[in-house]
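The values are calculated or read from the model by the stated rules, or taken from the named source; none is laboratory data. All figures in this text were calculated on a predicted structure; none of them were measured in a lab. We place every Cβ from the backbone using ideal geometry, glycine too, and count neighbours over all the protein chains shown. Surface areas here come from the heavy atoms of the whole protein model, side chains and all, with no ligands, DNA or RNA. Shrake-Rupley method; radii C 1.70, N 1.55, O 1.52, S 1.80 Å.
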Amino acid sequence: MKKNSLFFVSLFFILIILFSSAHVHVESKEKEIYIKIDLWSNELLVLENNKVIKKYSIAPGTELSPTPIGTFMVTKKSKSWGGGFGSRWLGLNVPWGMYGIHGTNKPSFIGRNVSSGCIRMRNQDVEQLFEIIPKGTMVHIDGPITGIGKGEYKNLSVGSKGNLVQLVQERLKGMGLYNGPVDGIYDFQTENAVKKFQKANDFPINGVVTVHEYRQLGLLE
């Protein structure tokens, strides 16, 4: 009899634990929040459970200093940067440079591609965003990954950074020519891999990625 009682008591506590963990899981899902940035429309959307709860106009990067494309995370939050950075800063973990979402002292430029790659917002908007977005929030940036106009398929060499470098590194890694990180930073290791690729394809061995390399890598038709 005592054994049966212990069994039912144990079962009761197990059910409580399972119910509690499931409840916590539901609660966490209910609070799931992330940012989507659309560079085609120059808008920043805040979504909760895939439902848009906030929408803001933004000013992203120019053709020659584009905003990074991909999925990143808010890793830093700061107030009162001042000047061109406005009143708030939300830093992103972009591997090839310091990029973030911040305010501006030129609100009339919002909606235009004028920044050096960061996402500019009106100060009152970024202050509101700052309060509802915690560190660790995912930020999905969608846009022309290969660039447009003058920024499309630009030549790459040591010192270049960005999504185009990342694409080249991915292709070279897939070919077994590159063993470094796919981080969007064109370093000497990337240059050496490009030279190996150029040698294998009877291209001039200069370590510079041009339209010919893009085409041979399958990144350009």
Original post:
What does the helix-only formula give at 222 nm for the chain: each DSSP H stretch with n ≥ 4 adding -39500 (n - 2.57), the total divided by the residues, and the result rounded to the nearest 500 deg cm²/dmol?
Top reply: -10000 deg cm²/dmol
**OP:** Compute the acute angle (0 to 90°) between the alpha-carbon long axis of helix 188-200 and the principal axis of greatest extent of the alpha-carbon atoms of the chain; round to the nearest 10°.
**Re:** 60 degrees
Subject >> Most to least packed among 47-53, 109-115, 121-127 [average Cβ atoms within 10 Å] >> reply: 121-127, 109-115, 47-53
Original post:
So what's the angle, to the nearest 10 degrees on a 0 to 90 scale, between helix 163-174 and the longest Cα principal axis of the chain?
Top reply: 90 degrees
Original post:
Using every alpha carbon pair in the chain, what percent of pairs falls into each 5 Å bin from 0 up to the bin containing the largest distance?
Top reply: 1, 6, 12, 15, 13, 11, 9, 8, 7, 5, 3, 3, 2, 2, 1, 1, 0, 0
Original post:
Taking a ≥ b ≥ c as the square roots of the eigenvalues of the Cα gyration tensor of the stretch 26-95, is the shape rounded (a/c under 1.5), prolate (a/b larger than b/c) or oblate?
Top reply: prolate
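Classify the stretch 149-221 from the C-alpha gyration tensor, please: rounded if a/c falls under 1.5, else prolate or oblate depending on whether a/b exceeds b/c. Could the numbers behind the result be given before it?
On the way: a/c = 1.37, a/b = 1.07, b/c = 1.28.
Note, shape of the stretch 149-221 comes out rounded.
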Original post:
In whole Å, how far is the Cα centre of the stretch 141-156 from that of the stretch 167-221?
Top reply: 17 Å
Subject >> Neighbourhood charge, 11 Å Cβ-Cβ cut-off, centred on residue 85 and excluding it, Lys, Arg +1 and Asp, Glu -1 >> reply: +3
Subject >> the stretch 129-195: trypsin sites (Lys or Arg not before Pro) falling in loop per DSSP and having at most 11 other Cβ within 10 Å >> reply: 135
Original post:
Heavy-atom accessible area per residue, the stretch 73-221, 1.4 Å probe: how many Å²?
Top reply: 51 Å²
**OP:** Report, to the nearest 10°, how far helix 2-30 tilts away from the longest principal axis of the Cα atoms in the chain, using its own Cα long axis and a range of 0 to 90°.
**Re:** 40 degrees
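Let me check against my output: what whole-number percent is the relative contact order of the stretch 82-221, with C-alpha pairs under 8 Å and at least 6 apart?
Working: 179 pairs, mean separation 24.7, N = 140.
RCO, the stretch 82-221: 18 percent.
Based on the alpha-carbon gyration tensor of the stretch 84-153 and its eigenvalue square roots a ≥ b ≥ c, which shape applies: rounded if a/c is under 1.5, prolate if not and a/b is larger than b/c, or oblate? Let's see the in-between values first.
Values: a/c = 2.17, a/b = 1.32, b/c = 1.65.
Cα axes put the stretch 84-153 in the oblate bin.
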